[in-house]
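Right, one structure below, let's go through it.
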Ligand SMILES: C[S@@+](CC[C@H](N)C(=O)[O-])C[C@H]1O[C@@H](n2cnc3c(N)ncnc32)[C@H](O)[C@@H]1O
């Protein structure tokens with residue numbers, strides 16, 4: 001189930017570990033023209049905009065309205081009419097949009113899920129799995145512990161981990177077990193001892 005991403009990729013001097021994680025997570029979405037992507041915790045919307053150039057519809061949701069304003073302005077500049085940004089959270093994804101109407105086939109959670117504690121992550125993953133059409137895929141690129149985080153304290157800044165103040169990464173096994181319980185076939189790529197990409201498929 002686990003595979004390690006080649007060291008060469010993660011040590012490229014121009015790319016940070018979060019950037020590498022973003023690129024790998026995006027690739028592993030395997031977007032196709034007919035896909036409808038939900039990007040949860042879309043932030044400034046960069047991945048949503050990239051995806052909107054490939055697939056037929058993209059919905060970016062975030063808990064932070066300021067980020068959504070920035071993302072919406074960018075989308076306007078890019079003249080993309082297949083992209084919607086709306087207020088929504090992991091806890092309440094349908095706050096502004098009835099997402100069940102959108103035939104969502106792919107979901108991305110990039111560096112966002114780690115803001116939730118374990119129990120809430122599990123609940124959220126169940127909710128997202130229900131919103132997903134079959135066949136469908138969820139990709140999580142995020143902080144997740146493959147090893148004891150204390151051994152990697154020196155690298156917390158480099159991987160954008162605040163040490164537990166507002167970031168609550170899970171053990172990778174916890175995430176894979178949750179997804180497994182919801183019926184997914186799960187694959188994991190380790191990018192750093194504390195960062196990885198999980199691909200969960202429902203057939
Ligand atoms: C580090 S940013 C990542 C943004 C984007 N996914 C990216 O990779 O560029 C984390 C994002 O998660 C959002 N976020 C935090 N908690 C959230 C929640 N409970 N529900 C939805 N979004 C949340 C934040 O507002 C922020 O935009």
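The values are calculated or read from the model by the stated rules, or taken from the named source; none is laboratory data. Note that the structure is predicted; figures quoted are calculated from it, not measured. Don't worry about glycine lacking a Cβ; one is built from the backbone with ideal geometry, like all the others, and counts go over all protein chains shown.
Being within 18 Å of the chain's Cα centre (by Cα) and under 20 Å from residue 42 (Cβ atoms) is the requirement here; does residue 176 meet it? No. Residue count for the range 169-182 satisfying the condition of being in contact with a strand residue (DSSP E or B) (Cβ under 6 Å, 6 or more places away or on another chain) and part of a loop (DSSP other than H, G, I, E, B): 1.
Inspection of the range 8-21 finds no residue satisfying the criterion of being crowded, with 17+ Cβ neighbours inside 10 Å, assigned to a loop (DSSP other than H, G, I, E, B) and modelled with pLDDT of 95 or more.
Test residue 148 against the criterion of being within 15 Å of the ligand (Cβ to nearest atom) and modelled with pLDDT of 95 or more, and give yes or no. So residue 148 fails the test.
Residues that are under 16 Å from residue 199 (Cα atoms) and within 13 Å of the ligand (Cβ to nearest atom) within the range 30-45 comprise 37, 38, 39, 40, listed in sequence order.
Scan the range 140-168 for residues that are surrounded by 15 or more Cβ atoms within 10 Å (Cβ to Cβ) and in a loop (DSSP other than H, G, I, E, B) and the total you get is 8.
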